[in-house]
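Okay, structure first, notes after.
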Amino acid sequence: MLNFYPGPSKVYPEVRTYLTDAYDEGIIGAPHRGEQFVQVSRAVVNSLKRKINIPQDYHILFASSATECWEILIQSLTRHKSYHIYNGSFGEKWCEQAKKLRPNSEGMKFDMNEHMPVDDLQISSDTELICFTQNETSNGTQVSATTILNLQNKYRDTLIAVDATSSMAGLNLKFIKADIWFASVQKCFGLPSGLAVLICSPRAIFRAKQLNERSHYNSLVPMYEKMLNYQTTHTPNVLDIYLMKRMLEDRPFIKQLDIDLTDRANDLYEFFSQFTEFKLLVENEEVRSKTVLTLQGSERLVDDIKKRALLYNIRLGNGYGPWLRNTFRIANFPAIGNDEYEELKRFFLHYYA
Ligand SMILES: *Cc1c(COP(=O)(O)O)cnc(C)c1O
């Protein structure tokens, strides 16, 4: 089965070997306060910094999902309100979650064919956290490094948190340009679901300590304190942490991964622009995602494409949110091989050209 679903997505084929090794090495049943786990956890933190270019002084924490990170950040970094800039379902859901916890939180929706409108933003000075989604998995748009830099320059004193769930470990993100970044691992990391990486700048930890919110099992300060010894507040997904260690050790540096993914994204966008019955949902090339492509057609055609693809053992991604029925999505994640995209192209050329 060829799997182009943008999450949960295809896991690296090597995961099969790593799983057997995990069993043989006895890590699966190892206590999470013991030396064996701590060694794996420390190795993962070091590999993450080395392989995906996370600044040395940033702190890496483990959570269960990106959804949990949305909640942790609002609970532990705001007392009053956060501000959310979004153009799709994941950004909007984060905003809704924030409003449930902090009713004063605000959201600003922008058009998916436009750049995130940093110049137009009017964020009040009592805002404690600015939140956005770097790669909006629901519609296939992305926020560029330049836009993030502009946001940082405009709001130097406010913490900025970035949901990078469908780009981290695939693209060379400039972590220095925001305080908090997070991703769950079932997308670009190419690993099984049930683990998230939460990355915090020294300034974010400083702010968390000031607030010192400790009411939840995963409040930021206790998570940080436990991680000083490479441990977690609760029994974590030890197997996934082990898989991440192995995967990172075997992968090239992020700079190379980014180049390869970008080339492949360009190639795929060019390929999919030739069809007449369906078209790319995002018209503005500058804001198109490098890791998730979204194609739009009539509901009937989209249904036909997905069903026919399945007959040929190709799993395409369903649409999401408002685009549930009239779009399908294709992941461009590093765990998927170039040969698999060639087969995907043959399928589309044969039936839809
Ligand atoms: C998939 C996704 C999420 C949700 O991830 P979970 O691991 O299910 O919590 C959040 N944000 C973005 C941008 C996503 O792509």
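A few points about this structure:
- Filtered residues of region 52-72 (kept if within 21 Å of G194 (Cβ to Cβ) and open to solvent by 20 Å² or more (accessible area, probe 1.4 Å)): S64, S65, T67, E68, E71
- All conditions but one from (1) surrounded by fewer than 19 Cβ atoms within 10 Å (Cβ to Cβ); (2) under 19 Å from A169 (Cα atoms); (3) in contact (Cβ under 8 Å) with a residue 24 or more places away in the chain apply to Q274; the one that does not is (2).
- Conditions (1) buried (at least 19 other Cβ atoms within 10 Å of the Cβ); (2) without any contact (Cβ under 8 Å) to a residue 24 or more places away in the chain; number of the one not met by L228: (1)
- For region 185-210, the tally of residues that are closer than 29 Å to Q122 by Cα and open to solvent by less than 20 Å² (accessible area, probe 1.4 Å) stands at 7.
- Checking the stated criteria, P13 turns out not to satisfy the condition of being away from the ligand (no atom under 16 Å from the Cβ), part of a loop (DSSP other than H, G, I, E, B), touching a Phe, Trp or Tyr at 6+ places or on another chain (Cβ under 9 Å) and not hydroxyl-bearing (S, T, Y).
- Residue match in region 20-35 (condition: away from the ligand (no atom under 16 Å from the Cβ), of a type in the set (S, T, Y), open to solvent by 30 Å² or more (accessible area, probe 1.4 Å) and assigned to a helix (DSSP H, G or I)): yes
- Residue within region 144-162 that is without any contact (Cβ under 8 Å) to a residue 60 or more places away in the chain, within 12 Å of the ligand (Cβ to nearest atom) and surrounded by 13 or more Cβ atoms within 10 Å (Cβ to Cβ) present: yes
- Test: residue in region 172-184 that is open to solvent by 30 Å² or more (accessible area, probe 1.4 Å), in contact (Cβ under 8 Å) with a residue 60 or more places away in the chain and either aliphatic (A, V, I, L, M) or not assigned by TED's automatic domain parsing to the domain that holds S105 (or both): yes
The values are calculated or read from the model by the stated rules, or taken from the named source; none is laboratory data. What you are looking at is a predicted structure, and each value in this text was computed from that prediction instead of being measured. We place every Cβ from the backbone using ideal geometry, glycine too, and count neighbours over all the protein chains shown. To get the accessible areas, we keep the full protein, side chains included, count just its heavy atoms, and leave off ligands, DNA and RNA. Shrake-Rupley method; radii C 1.70, N 1.55, O 1.52, S 1.80 Å.
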